[in-house]
1. Over the range 185-277, what relative contact order in percent results from Cα pairs under 8 Å that are six or more residues apart?
2. Scan the chain and report its longest stretch carrying no GluC sites (Glu not before Pro) that are both in a DSSP loop and have at most 10 other Cβ atoms within 10 Å.
3. To the nearest 0.05, what FRET efficiency results for residue 681 and residue 575 with a Förster distance of 41 Å applied to their C-beta separation?
4. So, with a 1.4 angstrom probe, what is the percent of accessible area on the chain that is carbon and sulfur?
5. Taking the Cα centre of the chain as origin and charging only Cβ (+1 Lys, Arg; -1 Asp, Glu), how large is the dipole, in debye to the nearest 20?
6. Round to the nearest 0.05 the FRET efficiency obtained for residue 776 and residue 271 when R0 = 35 Å and r is the Cβ-Cβ distance.
7. Okay, which of the range 789-825 sit inside 20 Å, backbone N to the point 7 Å along the Cα-Cβ direction of residue 752?
8. Order the following by accessible area, largest value first: 146, 174. Probe radius 1.4 Å; ligands, DNA and RNA are ignored.
Amino acid sequence: MITTMIGDMRLAARMMLRSPGFAAVAVLTLALGIGANTALFSVVDALLLRPLPFPEPDRLVMVWPGRPADGWEHQPASFPNFTDWRARSTSFAHLAAYYAYASSTFNVTAGGEPERVQGAYVSSDFFPALGVEPLAGRWFLSQEEKPGGSERVAVIAHALWASRFGADPGAVGKAVHLDGVAHTIVGVMPAGFAFPRHPRDPQVWLPLGHDPRQGRTFSRGTNYLSMIGRLAPGVTLDQAGSEMAALTGQLAQEHPRANSGMTMKVAPMSEHAAGDLRGALLTLLGTVGLVLLIACANVAHLTLARAAGRRRELAVRSALGATHGRIVRQLLAESLLLAAAGGAAGLLLGAWGIELIARLPFNDPGYTAPFRVAPSEIGMSGTVLAFTMVLSLATAVLFGLIPSLQTARADAAEALKEGSGRATDSARRRRLRDLLVVAEVSLSLLLLVGAGLMVRSYLRLTAVDPGFRPAGVLTAALTLPAARYPDDASLVAFQNALVERLRALPGVRAAGTVRDLPMSGSDEETGIHVEGVAPPQDGPPHRARPRPVGDGYFQAIGIPLRAGRGFTASDTVSSPRVAVVNETLARRLWPGGDPIGRRVALNYETLRYFPDRPPEPDLASAWREVVGVVGDVRHAGLLGEIHPELYVPIPQSAFRNFSVVVRADTGVPLPAAELRAAVRSLDPEQAVADVRGMEALVGSTVARPRFHFLLLALFAVLALALCAIGIYGVMACVVSQRLREIGIRIALGADRRSVMALVVGQGMRLTLAGLALGAAAALGLTRLLAGLLFGVSATDPSTFAGMAFLMAAVSLLACALPAWRACRIDPAAVLRAD
């Protein structure tokens, strides 16, 4: 049996060498289809199928409080609530809390140039919950989690250990200087470990006991912690969810002011790691599967055409004693050889495609998805290789089986009677060929309509007004260390001095500072008090997004002033407290009225904290007078909603973490080197991070829609090209097989126009049938894209009509070329040859 198979493959190889053109086209066609599927499946494998890189990942869960009445499905937890849940629950082997925001960053100054690194504050159970072991040293102790209970300690990432300490095992026990404060290194993370990955991969982890927010942790209303858990052995997800829901109910009864209306959800971490990507990736995988079907149909066309020319050869083999099964097996061996070559070439194309896809920033982590697979972790795996092998085998059967059976069934006696050996077509083979053309056209139209919808959606999205003018704006992020800037006055003095230096640079039109840059991923929301406006009785309380900004920020970022004034240098800590609201907040609080002169207060500014008791409200000292109204900004991105925003001057609400914004006169951003030089001139040890143009930041917010658009458009163009080649090949084959008939028609007086109409008409009838089927399929299947579209209906008539016209035009061109050849034949030469 093995000897026979080897013989079949050798014969198949010789046959391929005798038809190098056919083999090359077939292999390339299959390589495109298999390569596209391999590249996309590698992404699906990494993001959806591969388990999380932690021990026993099926036991890892995210624990989310919620407050549906306030619109919070995933709400952070307060420190007191977390400690109560951890103490009372029995469903978890470990329940841990952490937080990592854009504000929890540090300047590392020792051992090299100043560097700004991301940090995370974690509870003592954080690392045990994830099940990781230290590369060196230990994790945090329980007493280090208590506020102010121990010396300052830190666990550092492998990358920081290598860059700052030369991967020295003796680094454990040494000090790393964070914002000028020495922290003893007690542990080093293994290479590749990164959790949480939002807003970026942390380089240092600190215990919650050193959290500067500790003065506020007595308040159960101060929600800022995320929670993860490792289920205890034998405990199911439903059991853990039921217990946590019951404990949440107890806390709502014990502390109704802070916990009333709170819900609880326990979900697998893997669900959060890929939940919002699952639908889009599966849709794209189905799309690229259609491309492979079109490729298989193309190769089936080629195989049928080639088989028609081999009828006499196969008839001779049959007459010499070859059985029907033996001929089918030989033809399948040829198909397998083609598929193997196509699979090998597709694997190379897939590797290139993987590298290309991994460069697209479509997989950024988020607050509710703290862990994502990094682009560098997407690649060829054993699963991907197995998938490609199975796919190659399946395509061999798909494009080879039916043509092989058709050819093997041919009447040997009839084939031997053909004097010239010119290929002829049986009715059954013609029907199969026509069916393949119709299928190709319908599948191609389906992909074209999907791509057209994505193109229109992307263009609509990029045309959305962000609420500011990003062109010509450069931004950078800074964190001022407490060791050198111990109070609000020193923080404000540095920011003012930096802004003045930047404004003095040639070509700078405006400069300012802001705590949370638009579209940076950093945001928060708080309750607000409004003088003379009662809180809603049947809905959530008044809320707004606080925005501390410096003098000149509105001009630098390009936010228009609608009424009143912006902030000036006279708005200091000693002057009356003021605020500027956006149009949405103004309409919501004072519909039809003038907000200028009204008073508002941020909830967290009304609280006064004490070391030994919960905070107490002091509304009188927190009032701010509204002095201006500015335009709305899409802070969360072009796809994000517009929220009520309340701007306050930084001198009256100073922060260590801020971004500087510089607008150039020319429309081209200021060179980054000049910004860095301005910072170094004030403080040589101050690190500058995230230096980038505002246009790039806006573009990053549409990275995922751009990913969907690019891939779907690429697959659609590939499908269109394959379909056009397939139609051309079929019509060229038809012309070749009907040369005698066409020659007779011309000899009897048929003009070239009628010959052209004969050939083109046959191809366009098949095209129209495919368009009808494709449009019907698209009406149903494009609804799967509804969640990926923006401002466009999944059944948009203009897109359907435009893509159908494009498909028809390409098909007409593919038919016209063989028809033009048919019009130019010499009937005498054809009849003599016959």
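The values are calculated or read from the model by the stated rules, or taken from the named source; none is laboratory data. Please read these numbers as outputs of a predicted model, since none were measured by experiment. Every residue, glycine as well, gets a Cβ built from its backbone with ideal geometry; the counts of neighbours run over all protein chains shown. Heads up: the accessible areas ignore ligands, DNA and RNA and are worked out on the full protein's heavy atoms, side chains in. Shrake-Rupley method; radii C 1.70, N 1.55, O 1.52, S 1.80 Å.
1. Dividing the mean separation by the residue count of the range 185-277 yields 18 percent.
2. 152-640
3. Calculated value: 0.90.
4. Ligands and nucleic acids excluded, carbon and sulfur reach 60 percent.
5. My answer is approximately 3580 debye.
6. Result of the calculation: an efficiency of 0.50.
7. Those under the cut-off are 812-825.
8. Output order, biggest surface exposure first: 146, 174.
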